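Report on the structure given below.
The values are calculated or read from the model by the stated rules, or taken from the named source; none is laboratory data. Here the structure is a predicted model, which is why all the values come from computation and not from measurement. Virtual Cβ from ideal backbone geometry, glycine too; neighbours counted across all protein chains shown.
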Amino acid sequence: MNTTADAIAAIKKELGRDLCIMGHHYQNDAVIAHCDISGDSLELARRVPHIDAAHIVLCGVYFMGESASLLAREGQTVHLPEPDADCLMSAMIPVRLARRVLEQLALTGRDIVPVAYANSSLAVKALTGEYGGAVCTSANAEIMLAWAFRRAEGVIFMPDKNLGHNIANRLGIPENERHVLRIDGRGLIEPASQPLDRKLLLWPGACSIHARFRPEFVEQARSRYPGCRIAAHPECRQEVIALCDAAGSTSFLIREAARVAESAPGSALVIGTEENLVRRLAERHRDKCDIFPLSHAICPEMSKVTEEKLLNVLEGIAGNRSEPLRVAGNLFEPARLSLTRMLEVCGK
Ligand code: SF4
(Lines give C-alpha, C1' and ligand atoms only; values in the text may rest on other atoms or scores of the structure.)
Protein backbone atom coordinates (compact mmCIF):
# COMPACT_ATOMS: atom_id res chain seq x y z
CA MET A 1 0.00 0.00 0.00
CA ASN A 2 1.35 3.48 -0.87
CA THR A 3 0.52 5.37 2.32
CA THR A 4 1.47 8.78 0.85
CA ALA A 5 -0.87 8.33 -2.11
CA ASP A 6 -3.62 7.06 0.19
CA ALA A 7 -3.20 9.99 2.57
CA ILE A 8 -3.41 12.44 -0.35
CA ALA A 9 -6.54 10.70 -1.63
CA ALA A 10 -8.11 10.95 1.83
CA ILE A 11 -7.45 14.70 2.09
CA LYS A 12 -8.74 15.25 -1.45
CA LYS A 13 -11.92 13.49 -0.44
CA GLU A 14 -12.21 15.52 2.76
CA LEU A 15 -11.70 18.88 1.02
CA GLY A 16 -13.80 17.87 -1.98
CA ARG A 17 -14.75 20.82 -4.20
CA ASP A 18 -12.78 23.22 -2.00
CA LEU A 19 -9.54 21.89 -3.49
CA CYS A 20 -8.07 21.86 -6.98
CA ILE A 21 -4.61 20.38 -7.63
CA MET A 22 -2.90 21.56 -10.81
CA GLY A 23 0.32 20.11 -12.20
CA HIS A 24 2.72 20.99 -14.99
CA HIS A 25 3.49 18.25 -17.51
CA TYR A 26 7.13 18.13 -16.31
CA GLN A 27 6.07 16.83 -12.90
CA ASN A 28 6.83 13.20 -12.12
CA ASP A 29 4.14 10.52 -12.51
CA ALA A 30 3.52 10.13 -8.76
CA VAL A 31 2.60 13.83 -8.49
CA ILE A 32 0.66 14.00 -11.79
CA ALA A 33 -1.50 11.09 -10.64
CA HIS A 34 -3.07 13.37 -7.98
CA CYS A 35 -3.66 16.38 -10.23
CA ASP A 36 -7.19 17.42 -11.18
CA ILE A 37 -5.75 19.53 -14.01
CA SER A 38 -2.46 19.00 -15.81
CA GLY A 39 -1.11 21.14 -18.60
CA ASP A 40 1.65 23.35 -19.92
CA SER A 41 1.94 26.88 -18.58
CA LEU A 42 -0.59 28.30 -21.08
CA GLU A 43 -3.19 25.64 -20.31
CA LEU A 44 -2.72 26.09 -16.56
CA ALA A 45 -3.05 29.88 -16.83
CA ARG A 46 -6.17 29.54 -18.98
CA ARG A 47 -7.86 27.21 -16.53
CA VAL A 48 -7.27 29.20 -13.32
CA PRO A 49 -10.01 31.85 -13.84
CA HIS A 50 -12.57 29.05 -14.25
CA ILE A 51 -11.72 27.19 -11.03
CA ASP A 52 -14.28 27.47 -8.22
CA ALA A 53 -12.26 25.74 -5.47
CA ALA A 54 -11.21 27.85 -2.48
CA HIS A 55 -7.68 26.38 -2.53
CA ILE A 56 -5.50 25.84 -5.59
CA VAL A 57 -2.35 23.75 -5.20
CA LEU A 58 0.11 24.31 -8.02
CA CYS A 59 2.64 21.53 -8.62
CA GLY A 60 5.28 23.31 -10.63
CA VAL A 61 7.90 26.03 -10.29
CA TYR A 62 7.49 29.34 -8.48
CA PHE A 63 6.51 31.56 -11.42
CA MET A 64 3.59 29.24 -12.19
CA GLY A 65 2.26 29.76 -8.67
CA GLU A 66 2.66 33.52 -9.10
CA SER A 67 0.70 33.42 -12.38
CA ALA A 68 -2.05 31.37 -10.74
CA SER A 69 -2.26 33.92 -7.90
CA LEU A 70 -2.63 36.73 -10.41
CA LEU A 71 -5.48 35.00 -12.22
CA ALA A 72 -7.23 33.52 -9.17
CA ARG A 73 -10.50 34.97 -7.92
CA GLU A 74 -10.69 37.11 -4.83
CA GLY A 75 -10.58 34.95 -1.72
CA GLN A 76 -9.00 31.95 -3.48
CA THR A 77 -5.63 30.87 -2.13
CA VAL A 78 -2.74 29.40 -4.12
CA HIS A 79 -0.28 27.01 -2.47
CA LEU A 80 2.99 25.53 -3.68
CA PRO A 81 4.20 22.12 -2.43
CA GLU A 82 7.79 23.41 -2.84
CA PRO A 83 8.17 27.21 -2.91
CA ASP A 84 11.94 26.79 -3.47
CA ALA A 85 11.37 25.19 -6.89
CA ASP A 86 12.34 28.04 -9.19
CA CYS A 87 12.73 28.00 -12.96
CA LEU A 88 16.45 28.30 -13.75
CA MET A 89 15.69 30.48 -16.76
CA SER A 90 13.51 32.92 -14.83
CA ALA A 91 16.46 33.42 -12.46
CA MET A 92 18.49 34.69 -15.44
CA ILE A 93 16.49 37.89 -15.56
CA PRO A 94 16.62 39.82 -12.29
CA VAL A 95 14.04 42.61 -12.51
CA ARG A 96 16.62 45.19 -11.43
CA LEU A 97 18.61 44.53 -14.62
CA ALA A 98 15.53 44.27 -16.81
CA ARG A 99 14.29 47.68 -15.65
CA ARG A 100 17.68 49.24 -16.31
CA VAL A 101 17.72 47.78 -19.83
CA LEU A 102 14.19 48.98 -20.68
CA GLU A 103 15.05 52.45 -19.41
CA GLN A 104 18.11 52.61 -21.66
CA LEU A 105 16.16 51.33 -24.67
CA ALA A 106 13.50 54.00 -24.07
CA LEU A 107 16.26 56.65 -24.18
CA THR A 108 17.22 55.56 -27.70
CA GLY A 109 13.94 57.09 -28.90
CA ARG A 110 12.82 53.90 -30.62
CA ASP A 111 9.38 52.50 -29.97
CA ILE A 112 10.23 49.11 -28.43
CA VAL A 113 7.68 46.88 -26.74
CA PRO A 114 8.66 44.05 -24.34
CA VAL A 115 7.35 40.51 -24.61
CA ALA A 116 8.13 38.36 -21.56
CA TYR A 117 8.10 34.61 -21.71
CA ALA A 118 5.88 33.19 -18.95
CA ASN A 119 9.05 31.68 -17.46
CA SER A 120 9.92 34.91 -15.69
CA SER A 121 9.23 36.37 -12.28
CA LEU A 122 6.10 38.26 -11.37
CA ALA A 123 8.23 41.40 -11.07
CA VAL A 124 9.42 41.01 -14.70
CA LYS A 125 5.83 40.45 -15.83
CA ALA A 126 4.81 43.62 -13.96
CA LEU A 127 7.62 45.54 -15.64
CA THR A 128 6.45 44.20 -19.01
CA GLY A 129 2.88 45.35 -18.30
CA GLU A 130 4.17 48.76 -17.22
CA TYR A 131 6.01 49.17 -20.55
CA GLY A 132 2.93 48.22 -22.62
CA GLY A 133 4.00 44.64 -23.32
CA ALA A 134 2.55 41.21 -22.78
CA VAL A 135 3.45 37.76 -21.59
CA CYS A 136 3.68 34.74 -23.91
CA THR A 137 4.15 31.00 -23.57
CA SER A 138 5.88 28.64 -25.98
CA ALA A 139 2.42 27.73 -27.34
CA ASN A 140 1.58 31.29 -28.38
CA ALA A 141 4.96 33.05 -28.69
CA GLU A 142 4.52 33.38 -32.45
CA ILE A 143 1.12 35.06 -32.07
CA MET A 144 2.36 37.35 -29.30
CA LEU A 145 5.50 38.43 -31.14
CA ALA A 146 3.42 39.18 -34.24
CA TRP A 147 1.07 41.18 -31.97
CA ALA A 148 4.02 43.14 -30.56
CA PHE A 149 5.39 43.92 -34.03
CA ARG A 150 2.01 45.39 -35.02
CA ARG A 151 2.31 47.80 -32.08
CA ALA A 152 5.93 48.90 -32.23
CA GLU A 153 8.94 49.11 -34.53
CA GLY A 154 11.03 46.92 -32.27
CA VAL A 155 10.52 44.14 -29.72
CA ILE A 156 12.62 43.01 -26.79
CA PHE A 157 11.96 39.35 -26.05
CA MET A 158 12.89 38.17 -22.55
CA PRO A 159 14.51 36.00 -21.25
CA ASP A 160 14.82 33.00 -23.63
CA LYS A 161 17.08 33.82 -26.58
CA ASN A 162 16.59 30.33 -28.06
CA LEU A 163 12.81 30.57 -28.13
CA GLY A 164 13.23 34.09 -29.52
CA HIS A 165 15.45 32.87 -32.37
CA ASN A 166 13.13 29.97 -33.20
CA ILE A 167 10.04 32.15 -33.31
CA ALA A 168 11.91 34.75 -35.37
CA ASN A 169 12.73 31.99 -37.87
CA ARG A 170 9.03 31.15 -38.14
CA LEU A 171 8.10 34.80 -38.59
CA GLY A 172 10.77 35.26 -41.26
CA ILE A 173 12.84 37.77 -39.29
CA PRO A 174 16.39 37.32 -40.62
CA GLU A 175 19.40 36.85 -38.34
CA ASN A 176 20.72 40.29 -39.26
CA GLU A 177 17.54 41.83 -37.85
CA ARG A 178 18.10 40.21 -34.44
CA HIS A 179 20.55 40.97 -31.67
CA VAL A 180 21.30 39.15 -28.41
CA LEU A 181 21.94 41.92 -25.89
CA ARG A 182 25.21 42.18 -24.02
CA ILE A 183 24.31 43.29 -20.49
CA ASP A 184 26.79 43.89 -17.71
CA GLY A 185 26.23 43.18 -14.00
CA ARG A 186 24.71 46.63 -13.49
CA GLY A 187 22.25 46.26 -16.34
CA LEU A 188 24.19 48.54 -18.70
CA ILE A 189 23.94 47.79 -22.41
CA GLU A 190 26.30 50.48 -23.76
CA PRO A 191 24.09 51.62 -26.66
CA ALA A 192 27.02 52.88 -28.71
CA SER A 193 28.56 49.40 -29.00
CA GLN A 194 25.45 47.36 -29.86
CA PRO A 195 23.07 47.33 -32.85
CA LEU A 196 20.00 48.37 -30.86
CA ASP A 197 18.21 49.44 -34.04
CA ARG A 198 17.50 45.80 -34.92
CA LYS A 199 13.92 44.60 -35.13
CA LEU A 200 14.22 41.93 -32.45
CA LEU A 201 16.36 42.31 -29.33
CA LEU A 202 16.88 39.17 -27.27
CA TRP A 203 17.65 38.85 -23.57
CA PRO A 204 20.68 36.53 -23.20
CA GLY A 205 18.90 33.81 -21.19
CA ALA A 206 18.12 30.16 -21.94
CA CYS A 207 16.66 27.04 -20.37
CA SER A 208 19.69 25.04 -19.29
CA ILE A 209 17.70 21.81 -19.67
CA HIS A 210 16.63 22.34 -23.29
CA ALA A 211 19.84 24.15 -24.25
CA ARG A 212 21.86 21.02 -23.48
CA PHE A 213 20.46 19.26 -26.59
CA ARG A 214 23.03 19.55 -29.35
CA PRO A 215 22.81 19.04 -33.13
CA GLU A 216 24.84 15.82 -32.92
CA PHE A 217 22.16 14.32 -30.63
CA VAL A 218 19.69 14.61 -33.52
CA GLU A 219 22.15 12.94 -35.89
CA GLN A 220 22.84 10.16 -33.37
CA ALA A 221 19.09 9.56 -32.89
CA ARG A 222 18.63 9.24 -36.66
CA SER A 223 21.26 6.51 -36.88
CA ARG A 224 20.06 4.73 -33.70
CA TYR A 225 16.39 4.72 -34.79
CA PRO A 226 16.41 4.63 -38.61
CA GLY A 227 13.36 6.31 -40.14
CA CYS A 228 12.36 7.95 -36.85
CA ARG A 229 10.59 11.28 -36.62
CA ILE A 230 12.18 13.88 -34.33
CA ALA A 231 10.29 16.69 -32.64
CA ALA A 232 11.62 19.17 -30.08
CA HIS A 233 10.62 22.08 -27.88
CA PRO A 234 11.50 25.57 -29.19
CA GLU A 235 13.53 26.32 -26.05
CA CYS A 236 16.20 24.19 -27.79
CA ARG A 237 18.92 25.94 -29.78
CA GLN A 238 17.96 26.94 -33.32
CA GLU A 239 20.70 24.68 -34.74
CA VAL A 240 18.93 21.71 -33.11
CA ILE A 241 15.46 22.77 -34.23
CA ALA A 242 16.77 23.16 -37.80
CA LEU A 243 17.61 19.44 -37.87
CA CYS A 244 14.30 18.25 -36.39
CA ASP A 245 11.20 17.26 -38.34
CA ALA A 246 8.92 19.32 -36.13
CA ALA A 247 9.06 21.74 -33.24
CA GLY A 248 6.48 23.13 -30.88
CA SER A 249 5.27 23.74 -27.37
CA THR A 250 4.70 21.09 -24.77
CA SER A 251 1.05 20.76 -25.81
CA PHE A 252 2.15 20.43 -29.45
CA LEU A 253 4.56 17.61 -28.53
CA ILE A 254 1.77 15.78 -26.70
CA ARG A 255 -0.50 16.09 -29.75
CA GLU A 256 2.34 15.02 -32.01
CA ALA A 257 2.87 11.82 -30.00
CA ALA A 258 -0.85 11.01 -30.27
CA ARG A 259 -0.84 11.78 -33.99
CA VAL A 260 2.16 9.55 -34.69
CA ALA A 261 0.65 6.75 -32.58
CA GLU A 262 -2.56 6.87 -34.62
CA SER A 263 -1.23 7.58 -38.09
CA ALA A 264 2.06 5.66 -38.09
CA PRO A 265 1.75 2.66 -35.76
CA GLY A 266 5.01 0.78 -35.29
CA SER A 267 7.13 3.85 -36.01
CA ALA A 268 9.59 5.63 -33.73
CA LEU A 269 9.28 9.18 -32.42
CA VAL A 270 12.17 10.94 -30.66
CA ILE A 271 11.23 13.94 -28.53
CA GLY A 272 13.57 16.67 -27.31
CA THR A 273 12.11 18.04 -24.10
CA GLU A 274 11.94 17.35 -20.37
CA GLU A 275 12.20 13.63 -19.81
CA ASN A 276 9.32 13.11 -17.34
CA LEU A 277 6.93 14.12 -20.10
CA VAL A 278 8.66 12.01 -22.77
CA ARG A 279 8.60 8.89 -20.55
CA ARG A 280 4.88 9.45 -19.82
CA LEU A 281 4.11 9.76 -23.53
CA ALA A 282 6.14 6.62 -24.23
CA GLU A 283 4.07 4.73 -21.67
CA ARG A 284 0.77 6.16 -22.95
CA HIS A 285 1.42 5.11 -26.55
CA ARG A 286 3.56 2.01 -25.98
CA ASP A 287 1.08 -0.28 -27.76
CA LYS A 288 1.15 1.86 -30.89
CA CYS A 289 4.64 3.33 -31.35
CA ASP A 290 8.07 3.71 -29.73
CA ILE A 291 8.84 7.07 -28.15
CA PHE A 292 12.35 7.96 -26.98
CA PRO A 293 13.92 11.01 -25.31
CA LEU A 294 16.45 12.87 -27.46
CA SER A 295 18.75 12.82 -24.43
CA HIS A 296 18.60 12.61 -20.67
CA ALA A 297 16.99 15.86 -19.51
CA ILE A 298 15.31 16.16 -16.12
CA CYS A 299 14.55 19.63 -14.79
CA PRO A 300 16.00 19.65 -11.25
CA GLU A 301 13.67 22.42 -10.15
CA MET A 302 10.49 20.69 -11.30
CA SER A 303 11.82 17.55 -9.59
CA LYS A 304 11.87 19.31 -6.23
CA VAL A 305 8.10 18.78 -6.06
CA THR A 306 7.43 15.32 -4.67
CA GLU A 307 4.40 13.33 -3.60
CA GLU A 308 5.51 13.76 0.03
CA LYS A 309 5.67 17.55 -0.31
CA LEU A 310 2.26 17.53 -1.95
CA LEU A 311 0.89 15.63 1.03
CA ASN A 312 2.58 18.08 3.37
CA VAL A 313 0.94 21.13 1.78
CA LEU A 314 -2.45 19.39 1.67
CA GLU A 315 -2.20 18.56 5.38
CA GLY A 316 -1.42 22.23 5.99
CA ILE A 317 -4.47 23.35 4.02
CA ALA A 318 -6.73 20.84 5.78
CA GLY A 319 -5.35 21.95 9.14
CA ASN A 320 -5.52 25.64 8.22
CA ARG A 321 -1.73 25.95 8.63
CA SER A 322 -0.50 26.31 5.05
CA GLU A 323 0.83 29.74 4.15
CA PRO A 324 -0.58 30.72 0.72
CA LEU A 325 1.56 32.45 -1.87
CA ARG A 326 1.18 36.22 -1.66
CA VAL A 327 1.64 38.63 -4.55
CA ALA A 328 3.19 42.01 -3.70
CA GLY A 329 0.37 44.57 -3.94
CA ASN A 330 2.16 47.07 -6.21
CA LEU A 331 3.03 44.37 -8.77
CA PHE A 332 -0.45 42.92 -8.97
CA GLU A 333 -2.11 45.22 -11.52
CA PRO A 334 0.77 45.67 -14.03
CA ALA A 335 1.60 41.95 -13.91
CA ARG A 336 -2.03 40.94 -14.37
CA LEU A 337 -2.27 43.37 -17.27
CA SER A 338 0.61 41.64 -19.08
CA LEU A 339 -1.01 38.24 -18.51
CA THR A 340 -4.54 39.26 -19.44
CA ARG A 341 -3.23 40.93 -22.62
CA MET A 342 -1.94 37.50 -23.63
CA LEU A 343 -5.23 35.79 -22.79
CA GLU A 344 -7.18 38.45 -24.71
CA VAL A 345 -4.98 38.20 -27.80
CA CYS A 346 -4.99 34.40 -27.79
CA GLY A 347 -8.57 33.87 -26.64
CA LYS A 348 -9.49 32.61 -23.21
S1 SF4 B 1 12.69 22.94 -17.88
FE2 SF4 B 1 13.81 24.89 -18.14
S3 SF4 B 1 12.23 26.43 -18.52
FE4 SF4 B 1 11.20 24.62 -17.64
S5 SF4 B 1 11.14 25.02 -15.43
FE6 SF4 B 1 13.02 23.81 -15.82
S7 SF4 B 1 14.60 25.39 -16.12
FE8 SF4 B 1 12.64 26.44 -16.31
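Scanning the stretch 51-90 for residues that are away from the ligand (no atom under 16 Å from the Cβ) and not aliphatic (A, V, I, L, M) yields ASP52, HIS55, SER69, ARG73, GLU74, GLY75, GLN76, THR77, HIS79.
Yes/no matrix, rows are residues, columns are (1) farther than 11 Å from TRP203 by Cβ; (2) within 16 Å of the ligand (Cβ to nearest atom):
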position	(1), (2)
ASP111	yes, no
ALA118	yes, yes
ALA123	yes, no
ILE156	no, no
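Considering each residue of the stretch 198-211 in turn, at least one proves to be within 26 Å of ALA257 (Cα to Cα), part of a helix (DSSP H, G or I) and within 16 Å of the ligand (Cβ to nearest atom).
TYR131 passes every criterion in (1) of a type in the set (Ser, Thr, Tyr); (2) under 28 Å from ALA297 (Cα atoms); (3) modelled with pLDDT of 95 or more apart from (2).
ILE271 meets the conditions (1) in a helix (DSSP H, G or I); (2) touching a residue at least 12 places away in the same chain (Cβ under 8 Å) in every case but one. The failed one is (1).
Take CYS228 and decide whether it is at pLDDT 95 or above and within 26 Å of GLU142 (Cα to Cα). It is false that CYS228 is at pLDDT 95 or above and within 26 Å of GLU142 (Cα to Cα).
Here is a yes/no grid of residues against (1) small (Gly, Ala, Ser); (2) at pLDDT below 95; (3) not in a helix (DSSP H, G or I):
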position: PHE292; (1), (2), (3): no, no, yes
position: PRO300; (1), (2), (3): no, no, yes
position: GLU308; (1), (2), (3): no, no, no
position: GLU323; (1), (2), (3): no, yes, yes
position: ASN330; (1), (2), (3): no, yes, no
position: GLU333; (1), (2), (3): no, yes, no
position: MET342; (1), (2), (3): no, yes, no
position: LYS348; (1), (2), (3): no, yes, yes
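The residues listed here are SER138, SER120; of these, the one that is closer than 21 Å to LEU44 by Cα, modelled with pLDDT under 95 and not in a helix (DSSP H, G or I) is SER138. Just one residue in the set ILE156, ILE143, ILE167, ILE189 is out of contact with any Gly (no Cβ under 7 Å at 6 or more places or on another chain) and part of a loop (DSSP other than H, G, I, E, B); that residue is ILE189.
Selection within the stretch 281-308: residues that are within 15 Å of ALA221 (Cα to Cα) and more than 16 Å from the ligand (Cβ to nearest atom). The member of this set that is surrounded by the most Cβ atoms within 10 Å (Cβ to Cβ) is ILE291. Residue count for the stretch 6-50 under the criterion of being within 27 Å of the chain's Cα centre (by Cα), aliphatic (A, V, I, L, M) and away from the ligand (no atom under 16 Å from the Cβ): the result is 7.
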